[in-house]
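Please treat every number below as a calculation from the coordinates, not as lab data. Quick caveat, the model's predicted, so the values are computed rather than measured. All Cβ positions, glycine included, derive from the backbone under ideal geometry; neighbour counts span all protein chains shown.
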DNA sequence: CGCGGCTTTGATGTTCATCAAGTAAAGTGG
DNA sequence: CCACTTTACTTGATGAACATCAAAGCCGCG
C-alpha cells in the first residue's frame, strides 16, 4: 500500500473537509478508518443496507445507482477522486439510498459514521463545512437531473461527452468508463438511441469513436448541441 | 397579529428543529426574527438574490420555482406550513437558487442566517438536526423528480392529485392551489395535456372537477394509475 | 367593456421507445 | 487455446406518446 495513505494527517488525498479537524481528531480518524481497494465491477455497498461508514473515494471512479420501480438500474451520479460519496442520505436515514459500484479499480476510505457525527457535534467549523458539502452535492444532483430532463436526446449525449471531457478526464480524448447501456441509465435513454446518436455524431465529424475510445473533434459544435438541445 | 407567534419559545408553530435549541438561544431568535404576512401571488424572494435569512413557513402555501434556460418557469417544490424553505442552498451558496412565491395568503418567519450558522457552530445537537433536515429535503426532491420523470402523463396527474389530497389538504375534496399551467410547470407537461388528462379523469368518473375544485371519487383507481403510469 | 391571460378541444407532426435481427466482442469451461 | 455462450453493440422499421399549432370560449381586472 502507498504508505502516504496510512496516516490521514499527511495523506495527500485528504479531503478539504478534514482541514477543519484538529490534529487530534484527524489522528482518531486515522486509527479507525479502513482503506479498501476494489476492482472494476465490484459493488461497494447496496441500497437498503444499513449505513455504518462514511465513504470517501481516494482513487478511481464509481457510480451511485439504484433500481427503479421496474427493476431497471438508474445511475444517479458518477463520483471522482476526492468526492464524498453517499453524503446525501448519511444523516437523514439509517440505510443507504443508493448502491455504489466501482467503474474502475478504485481506492476508498471508510470512516465510522458515529465518529463523523461526533465531530459534527463537537466541532462547529467542521459541521458547517459538512453542511456546505451536503448542500453542494444535492444542489448539483438536482441541477443535473433538471438539465438532463429538459434536453432532447442529442443534447443529453453532448452533455455527457463534454462532462466526461471536462469534469472527469480533463482531456478531449478519453475512454468511456461505462457501457452504452449505462450511459442510457445515466441520462434516461434506451441503449439503442445512445448508440444511434453517438454514431450520428461520428458521421457528422463531431467525434472519433471506436469501441470505448472517444475523441472530441468539434467541441464548440458539441457545446452548441448541448445548450440548444 | 396572533400574539402566540411573537415569542418563539411558546410559539405553537415552532419547528421541531428548534427543540434542540436552549431557551437562551430561542430567546435570541425570538428577538431577531421577523414575522411577515404576504398575499397570494407575492414573490417572497427571487433567485439570484443574496441570502440573508432562513425562511420558515408558518401558515399558508408557497412554491419554490426557477426559470429554465428558455425562460419558462419550473416549480421545484411546494412547501406547506412548518416546512423550512430554501434549506437546500442555504449553506452552500451566497444566493438563493430558487424564487419563492405565495400560492395562498401566508405567514413566514425570517431568521437571520448568521444567527443560524452561529447556533450550528456552538450547538452540536442542533447541527445534527439541521443536517438531517437538509438531507431529508434534498432526498425528497430528488426522489420526486425521478418519480415524475419515470411516469407517463396520466401517472403524473394522478400523482399530483393524490399528493395534494394526502400531503397538503388531508382530504379527498380540495381546491387546486395552482393553475393548470402551474401544474404543468410542476410535473413537466404542457398546460394542454394537463387539461386533457384532467378532463379524461372526470369523464372516467375518477374525479369531480369544476374550475379549481376537485373531489377524488375513485382513490384506488387513481393510485393504480399513479403506480403503473 | 374590452383586453390579456387562463382554459378547453381538435388536428397535426415530431420525437423517441419498442421490436426485430444481425454482428462483434468478451467471458467461460473443457 | 479453442469452441461455446453470453453480453454488448449496431441498424432498420414501426408505432405510441406527447408537443405544438390553431381557434374559440371564459374569466378577472383595470
Using only the alpha-carbon atoms of the protein assembly as shown as identical scatterers, what base-10 log of I(q)/I(0) does the Debye formula give at q = 0.11, 0.14 Å⁻¹? -1.02, -1.44
When each copy gets a label point 7 Å from Cα toward the beta-carbon at residue B:32, what are the spacings between them in nm, shortest first? 3.2
Give me the inter-chain shielding for A:210-219: mean count of other chain Cβ atoms within 10 Å, whole number please. 0
Alpha-carbon centroids, segment B:165-184 and segment B:10-61: separation in whole Å: 24 Å
Mean separation of Cα contacts under 8 Å (6+ apart) over length of chain B, as relative contact order %: 19 percent
Take peptide A:138-147, look around each residue's Cβ out to 10 angstrom, count Cβ atoms belonging to other protein chains, and average those counts. 5
Once both label points are put 7 Å beyond Cα along the C-beta direction, the residue B:195-residue B:180 separation in nm becomes 0.3 nm
So for R0 = 30 Å, FRET eff. of residue A:39-residue A:202 from the Cβ-Cβ r, to 0.05, ends up at 0.45
Determine how many Å³ per residue the convex hull of the Cα atoms of chain A encloses. 130 Å³
Max mean-square fluctuation residue, GNM over chain B, Cα-Cα springs under 10 Å, options B:46, B:154, B:203: B:203
If you build the Cα gyration tensor of segment A:149-228 and take the root of 5 times each eigenvalue, what three semi-axes come out, in whole angstrom, biggest first? 16, 14, 13
Global size of segment A:64-182 as Cα Rg and Dmax, reported in angstrom: 16.3, 49
Using the alpha-carbon atoms, what tilt in degrees (0 to 90, nearest 10) does helix B:124-149 show relative to the longest principal axis of chain B? 20 degrees
Round to the nearest 0.05 the FRET efficiency obtained for residue B:95 and residue A:122 when R0 = 25 Å and r is the Cβ-Cβ distance. 0.20
In whole Å, what three semi-axes, largest first, describe the equivalent ellipsoid of segment A:100-164 built from its Cα gyration tensor (square root of 5 times each eigenvalue)? 33, 18, 8
Please determine, in degrees from 0 to 90 and to the nearest 10, the orientation of helix A:219-228 with respect to the longest principal axis defined by the Cα atoms of chain A, where the helix direction is its Cα long axis. 90 degrees
As I understand it, the value is the acute angle between the Cα axis of helix A:113-122 and the longest principal axis of the Cα atoms of chain A; what does it come to in degrees, rounded to 10? 70 degrees
Most mobile of A:175, A:188, A:68 in a GNM of chain A (Cα contacts under 10 Å): A:68
Per residue, how big is the convex hull around the C-alpha atoms of segment B:1-117? Give it to me in cubic angstrom, could you? 97 Å³
